[in-house]
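Visitor: Please read through the structure below; I'll follow up with questions.
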Amino acid sequence: MSENIKFEPLRKNMTPMLGAAYYPEDWDESEQVKDIENMVKVGINVVRIAEFAWRMMEPSDGQFEFGWLHRVIDRLGNAGIAVILGTPSATPPKWVEEKDPNMLSIDKTGLRQLHGGRRHCCSNNPTYRKYSFRIAEKMAVEFGDDPRIIGWQIDNEILGPADCCCEHCHNGFIEYLKDKYKTVDNLNRQFNHNIFSQWYDSFEQIPSPTHSWQNPHILLEWKTFNMLSHVRFIHEQADVLHKYVKAPIGTDMMPTVDIDYDLMNSKLDVVQFNHYNADDNLWLMPFWFDYFRNVTEHPFWNTETATCWSGGTAGTGCQPEGFCSANSWLPIILGGEANMYWLWRQHWAGHELMHGSVLYANGRPMHIFSEVQKIAADYEKASDFLTNTRVKTDIAMQVSSHNNNMNEHQLVSYENAIGILANHKSPYLSRLRKFYGPMHAHGIRTDVLGENKGFDGYKLLFSINMLTLEIGDMPERIEKWVKDGGTWFVGPLTDIRTSVGAHYTDRAMGMVERLTGAELVDSIPDPNSKIKMSWADGSEFKCTQWHQLYNVPENAEVLATVTDGYSTLLGKAVAFKVKVGKGSVIVLGTMPNEQEIIKLCDIALEESGAKRFNASSSIIAAGREGNGMRGIALTEIAGKEGTIEIDCPMTDILTGESFEGTVPVAPWQTRILKA
């Protein structure tokens, strides 16, 4: 059927794509016609549909009704608007749940979820899985070769914290432990189960670690098992779709490393990401975009963000004029090829009535409409340059889901850590951002690399809060890269735990001591900054929370030492650098303030030969190269005037202006500078 369909896109160059989530099941078909007319008017060229429409597609067991969906896709396609089709497993109909009420997940307090929300079913329940895979296959057969469908989205925002504690999950957890540890005595020994008489005589005795005080190593494995359960659920849907579908397949996820993005996307084609940051925390988003452009070969899609505000039954508050533009450009300049809003038209009843959109529920444009219109027009202006170039940097930072999940149950040192957990925020990400924030404000564009990524082509690598490096062959890969000429910035809170989160008993660190010749002699929590440090020149080195103190080899250059506090600590190094092979290692054992981090970054840049942008702190800039073109794409993200220095004449593709030397940047402005 689909082989005869002709599709003429709204724009000659599809990318960058500007889109929105659309819920045709909300509206009478006559309203859909008006909606699509407005999409064309504003410049939307892709929409996401069907992610929650399971009951509309299968109103009862085995009764599939796709006619309404065909008509929607026809109308969109006739208007030149492409479609990303979602599988609806996040919201099974009530009749599916009644097939097996046990598919509703059980939380850590023992309460079973109820119908009425989303993502409330257990990824390990056989009945839920059976019906989820069946509807996915029916959709793939029906729409798999339709040229107007340019992508597929599996499920919606599957998250690690949504851990189920049902019988299926407990049984799966036991099998996971058996497969990993082989014997229960091996597990007991690695987890030191002699403490509290925790020793188990069989795997089957191990409980789901729910509402009681549990061994942190068991908690880490439980979290890992739940993550793998969600990954398996998505991967098996992907296997179903890949039989029939040629368009790229992904699953839209939120800003969390509870689930390993690299692992989740290892059987998918495109990273899909949702976020709802506002003007006060938009600076957090470049971290994720710096990460996602390195996960798959296909440029990532920012599948959800707000045009103006987010909200459920109450709105969070409007954003300043220009914010929507900066927010829409940020994923594009940092390597994505799509930005999509949630949502196109406000729901008229039900959940999330007050969420910002492009149209109000009555079909009238929101105040943001003209800004979105300009974004679409500017996307088209920059299409050729952005489609044919890629972000280039010689600096990298590691990110690790395993270390995130370990850190959740082993904070190591209190900071605001109790408050962080109470607010359901990751202490791991909080500590990582304490470095990433000053780095990007200092003009450092870094690739963020998952656990198994290589380091070829990078001059400088940051490993921060990596409690364990025992992840595959990571230690061997890092050592070879350093000896071949790389500069490794290590710490703090790095390389001090085994793969299961235990202390080393024959040494203090996994590899850093051996590699550098230094000796870690003290590890001290200090959230109240009772121990004072100084730079080698005698100036104050401001730091807090945690101190790893070293005796260093003769060939090391000491950067900072203890100068006041407990007498036996005086003179111990808290930061040093040392040559290793053709490269260098810079070791930091504490959590400095922003100015000290910037000073340390400058030391690392000089040591490695890596470069940064000379730009105002609120400008996010990325060098781009490819197909004989090069330039800089940038966005101002704080509503401030700024500047950036360029090393050769460049022209702004969006405005036609030409520049040399200093380029002015207005609040919220994006510039696409081509050399």
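The values are calculated or read from the model by the stated rules, or taken from the named source; none is laboratory data. This is a predicted model, so every value here is computed, not measured. Methodologically, a virtual Cβ is constructed for each residue, glycine included, from the backbone with ideal geometry; neighbour enumeration extends over all protein chains shown. Protein only, heavy atoms only, side chains kept; ligands, DNA and RNA dropped before computing areas. Shrake-Rupley method; radii C 1.70, N 1.55, O 1.52, S 1.80 Å.
Visitor: Could you name every one of the helices (runs of 4 or more DSSP H) located completely within region 54-168 that has at least 3 residues being in contact with a helix residue (DSSP H, G or I) (Cβ under 9 Å, 6 or more places away or on another chain) and closer than 23 Å to THR224 by Cβ?
Guide: Working: elements: 54-57, 67-78, 94-99, 126-143.
Counting at least 3 such residues, we get 126-143.
Visitor: Counting only residues that are hydrophobic (A, V, I, L, M, F, W, C), in a loop (DSSP other than H, G, I, E, B) and either within 16 Å of THR316 (Cβ to Cβ) or touching a residue at least 40 places away in the same chain (Cβ under 8 Å) (or both), how many does region 355-371 have?
Guide: Kept after step one, since they are hydrophobic (A, V, I, L, M, F, W, C), are these residues of region 355-371: 358-359, 361, 366, 368-369.
Right, trim to in a loop (DSSP other than H, G, I, E, B) and you get 358, 361, 366, 368.
Those still in the list that are either within 16 Å of THR316 (Cβ to Cβ) or touching a residue at least 40 places away in the same chain (Cβ under 8 Å) (or both) too: 358, 366, 368.
Qualifying residue count for the region: 3.
One line per residue, one yes/no per condition, for (1) in a loop (DSSP other than H, G, I, E, B); (2) under 26 Å from ASN407 (Cα atoms); (3) within 29 Å of the chain's Cα centre (by Cα):
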residue	(1), (2), (3)
GLY485	yes, no, no
TRP488	no, yes, yes
SER499	yes, yes, yes
GLY538	yes, no, no
LEU549	no, yes, no
ALA560	no, no, no
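Visitor: May I pose another question? Considering each residue of region 307-335, count those that are at negative phi and open to solvent by 10 Å² or more (accessible area, probe 1.4 Å), and give that number. It would help to see each step written out before you state the result.
Guide: Residues of region 307-335 that are at negative phi, as a first pass: 307-310, 312-316, 318-321, 323-334.
Adding the requirement that they be open to solvent by 10 Å² or more (accessible area, probe 1.4 Å) leaves 309-310, 312-316, 318-321, 325.
The total comes to 12.
Visitor: Here are some residues: ILE106, ILE150, ILE135. Which one is aliphatic (A, V, I, L, M) and open to solvent by less than 20 Å² (accessible area, probe 1.4 Å)? Let's see the steps before the verdict.
Guide: Numbers: ILE106 fails: open to solvent by less than 20 Å² (accessible area, probe 1.4 Å); ILE150 fails: open to solvent by less than 20 Å² (accessible area, probe 1.4 Å).
Every option except ILE135 fails the conditions.
Visitor: What is the number of the single condition among (1) surrounded by fewer than 23 Cβ atoms within 10 Å (Cβ to Cβ); (2) in contact with a helix residue (DSSP H, G or I) (Cβ under 6 Å, 6 or more places away or on another chain) that GLU641 does not meet?
Guide: Answer for GLU641: the failing condition is (2).
Visitor: Can you go through ASP290, ASP260, ASP279, ASP252 and tell me which one is surrounded by fewer than 23 Cβ atoms within 10 Å (Cβ to Cβ) and among the charged types (D, E, K, R)?
Guide: Working: ASP290 fails: surrounded by fewer than 23 Cβ atoms within 10 Å (Cβ to Cβ); ASP260 fails: surrounded by fewer than 23 Cβ atoms within 10 Å (Cβ to Cβ); ASP252 fails: surrounded by fewer than 23 Cβ atoms within 10 Å (Cβ to Cβ).
Just a single option satisfies the conditions, and that option is ASP279.
Visitor: Could you list all residues from region 1-39 that are open to solvent by 50 Å² or more (accessible area, probe 1.4 Å) and assigned to a helix (DSSP H, G or I)?
Guide: Listed by number, the residues that qualify are GLU3, ASN4, GLU25, GLU29, SER30, VAL33, LYS34, GLU37.
Visitor: Here is a check on your reading of the model: is LYS243 open to solvent by 20 Å² or more (accessible area, probe 1.4 Å) and of a type in the set (Lys, Arg)? Before the answer, list the steps.
Guide: Details: open to solvent by 20 Å² or more (accessible area, probe 1.4 Å): yes; of a type in the set (Lys, Arg): yes.
Spelling it out, LYS243 is indeed open to solvent by 20 Å² or more (accessible area, probe 1.4 Å) and of a type in the set (Lys, Arg).
Visitor: Among HIS402, HIS347, HIS351, which is in a loop (DSSP other than H, G, I, E, B), modelled with pLDDT of 95 or more and open to solvent by 10 Å² or more (accessible area, probe 1.4 Å)? Give the derivation first.
Guide: On the way: HIS402 fails: in a loop (DSSP other than H, G, I, E, B); HIS351 fails: modelled with pLDDT of 95 or more.
Criteria check complete, one pass: HIS347.
Visitor: In the set LYS611, LYS599, LYS572, which member is farther than 24 Å from ALA508 by Cβ, touching an Asp or Glu at 6+ places or on another chain (Cβ under 8 Å) and open to solvent by 10 Å² or more (accessible area, probe 1.4 Å)?
Guide: The conditions single out LYS611.
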